[in-house]
Amino acid sequence: MADPSYDLVVIGAGHGGYVAAIRAAQLGMNVAVVESRERLGGTCHNIGCIPSKALLVSSLLYAEAGYGLAAHGIAAQGVSFDLAAMMMRKDRIVDQNTKGVAFLFKKHKITHIRGAARIAATGKVEVVDAAGATHTVQATRILIATGSVPATLPGIAIDEERIVSSEGALKLASVPKRLVVIGAGYIGLELGSVWARLGSEVTVVEYLDRILPGMDTEVATLAQRLFVRQGMSFRLGTKLTAAKASKSEMTLTVEPAAGSAAEQVATDVVLVAVGRKPNTEGLGLEALGVERDPKGFIVVNNAFATNVQGVYAIGDCVAGPMLAHKASEDGVACVETIAGRVGHVDYNTVPGVVYTHPEIASVGKTEQALKDEGVEYSVGKFPFTATPRAPTATPTAS
Ligand code: NAI
């Protein structure tokens, strides 16, 4: 029997891949998506944005019940939480959303192929299914949307129980008494907030001398002050060099970023949140000759085409902000261009939001970036507290 053949085979059903597939189907292409995870939706739906937002909301409600309601004249006594129920709610949301993606695939007649894909040659994708059998699929065009995986630190092995990435931090079986978070970026601050609200003593260790690199410095300084009031502590300009586990606890070795006197810190769980790296292993890119940059990102032109004819890439596995909505925009622009339309993404206007309390949003260049680029600018500021609505907002810890 001849191999099935498609106009477009997308590898990866995350926010980049599934949105690209739907748009391509809407534009008349015959589309298949290869996904190795059991459920569609990629990192964001399964082990990233959505489950973390579910826990952020649950933990915020608990925290507010403990300290924020009295000012509203609301009395709540004996508030407690059931972590297992909180996790079940999160899992239900994940289930519902990933089923939603499956429904959209059906609606748009997109073929879902389960298994791990490798590009065997131009126009040819090999898929190894869960049983180990290999199937071949023909594709006029191939779109790589395999996303990213957590970056690790040398000598620190993630076991997803005591040394966790964001994935393990979303399913801890109990609230750790002490949690050390390595990296004061999006993940460290969001998941650090979740566990701090639920009662962990959270210490954030950050290599740089500030939190939230890439965001406005003044906003980051103010945010740090609020996080401290919420019970988190920070060790800036500090790096983790070793982690040793004994039966009862973990011993971390940290030292100033510039080196010198090492120090030991005891903890129960460590969350490594030092960024993410492109997920391209096993795709056969070396053999195919697909160009990558020194950091491993697939190199594409402004039509998301790689240097290999008929092979495209979008989202976290190409350069640019590693954000779900950016991946979707890449995907839409890529398939619209393939369909002969004009697809374009303006990377200067990709918004970013850290879903802490308060939420921190940014778009465009920061003041520091403009300074570095020698661009003239003028500063406009308006404090949120000066808006009439501000006092009505829910207080953070005080
Ligand atoms: P990040 O790039 O936001 O932050 C990583 C932090 O780790 C940086 O502050 C960095 O200076 C620090 N770091 C690096 N090496 C270190 C070391 N050896 N010791 C101490 N600190 C170190 O990365 P993060 O938080 O892991 O998130 C990964 C990606 O996921 C980000 O690109 C982010 O855009 C995305 N994401 C977005 C979310 C959102 O949109 N709300 C939520 C979660 C993740």
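Values for this structure:
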{"quantity": "Packing rank of 89-98, 44-53, where each peptide gets the mean count of other beta carbons within 10 Å, highest leading", "calculated": "44-53, 89-98"}
{"quantity": "Peptides 305-313, 292-300 ordered by average Cβ neighbours within 10 Å, highest first", "calculated": "305-313, 292-300"}
{"quantity": "Unpaired by the 4.7 Å Cβ criterion, cysteines found in the chain", "calculated": "CYS317, CYS334"}
{"quantity": "Under-5 Å amide H pairs with VAL33, H placed in peptide plane, nonlocal only", "calculated": "VAL10, THR111, HIS112, ILE113"}
{"quantity": "Straight-distance crosslink candidates among lysines, where the alpha carbon sits under 23 Å from LYS247 and sequence neighbours closer than 8 are dropped", "calculated": "LYS171, LYS177"}
{"quantity": "Projected label distance in nm at PHE382 and ALA151, using a 7 Å step from Cα toward the beta-carbon", "calculated": "3.6 nm"}
{"quantity": "Student exercise, segment 352-393 dipole from Lys, Arg, Asp, Glu Cβ charges, in Debye to nearest 20", "calculated": "220 debye"}
{"quantity": "Radius 12 Å from Cβ of ALA116, net charge of other residues (Lys, Arg +1; Asp, Glu -1)", "calculated": "-1"}
{"quantity": "Segment 346-391: GluC sites (Glu not before Pro) falling in loop per DSSP and having at most 14 other Cβ within 10 Å", "calculated": "GLU359, GLU376"}
{"quantity": "Positive dipole terminus of segment 246-390, leading residue within THR280, PHE297, GLY380 (C-beta point charges)", "calculated": "GLY380"}
{"quantity": "Extension gain, ALA390 back to SER248 (0.36 nm per residue minus Cα-Cα distance, nm)", "calculated": "46.6 nm"}
{"quantity": "Stretchable slack from ALA65 to THR134, in nm (0.36 nm times residue separation minus alpha-carbon distance)", "calculated": "19.5 nm"}
{"quantity": "Reachable aspartates and glutamates from LYS371, criterion Cα separation under 18 angstrom, eight or more residues apart if same chain", "calculated": "ASP216, GLU218"}
{"quantity": "Antiparallel bridge percentage (DSSP; both residues within the chain; nearest 5)", "calculated": "50 percent"}
{"quantity": "Student exercise, the chain dipole from Lys, Arg, Asp, Glu Cβ charges, in Debye to nearest 20", "calculated": "780 debye"}
{"quantity": "Accessible area of the chain belonging to carbon and sulfur atoms, whole % at 1.4 Å probe", "calculated": "54 percent"}
{"quantity": "Radius of gyration and Dmax over the Cα atoms of the chain, both given in Å", "calculated": "22.8, 72"}
{"quantity": "Cα centroid of segment 307-365 to Cα centroid of segment 231-257, whole Å", "calculated": "34 Å"}
{"quantity": "Cβ charges +1 (Lys, Arg) and -1 (Asp, Glu), total dipole of segment 163-274, debye", "calculated": "300 debye"}
{"quantity": "By average C-beta atoms within 10 angstrom, highest first, the peptides 110-116, 377-383", "calculated": "110-116, 377-383"}
{"quantity": "Accessible area in square angstrom per residue, the chain, 1.4 angstrom probe", "calculated": "50 Å²"}
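The values are calculated or read from the model by the stated rules, or taken from the named source; none is laboratory data. None of the values given here were measured: they were computed from a predicted structure. All Cβ positions, even for glycine, are placed from backbone atoms using ideal geometry, and neighbour counts span all protein chains on display. Areas reflect the complete protein model, heavy atoms only, side chains present, ligands, DNA and RNA absent. Shrake-Rupley method; radii C 1.70, N 1.55, O 1.52, S 1.80 Å.
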